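The values are calculated or read from the model by the stated rules, or taken from the named source; none is laboratory data. The structure presented is a predicted model; accordingly, all values stated were derived computationally and were not measured. Heavy atoms of the whole protein, side chains included, go into the accessibility calculation; ligands, DNA and RNA do not. Shrake-Rupley method; radii C 1.70, N 1.55, O 1.52, S 1.80 Å.
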Amino acid sequence: MWQRIQTVHMVLGALMLFTVGMGNPNVLESVLGGFGVGLFLANCTYYKNRKRQFVLNRLAMLVAFALEAVYLYPVLEAVDSGVLDQSVWVTLAPLCAVVFASLANRAIQRDENLVKSSDRIR
């Protein structure tokens, strides 16, 4: 399970969403972060079913984009008023999770292509 690079990418994506969801008093942000972490970590156990991993990574990306939208809306409102109180890390962590999920999807697709090519040789 840990020898595959996509598992490492998914764990890093879960870590990004965990850091975002852990320190927030807002319930919606914590729930979205926890749901994303759960998706990423559950997805690490599906290493034999690459199609399921691919679909769950897409779902985790949608959750991360929703979390990013929840964070960016108040930041954009604060920019209009001239007061900025959130750190940059909090707004960039869901985007980093999306990047890690897309890297995991690329690795999953590469593994799937290798399996298909080896099946055709036999």
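Some notes on this structure:
- Here the accessible area of the range 12-58 is 69 percent carbon and sulfur, with a 1.4 angstrom probe and all protein chains present.
- At full extension, Val115 and Ser30 could sit 26.8 nm farther apart than now, given 0.36 nm per residue minus the alpha carbon distance.
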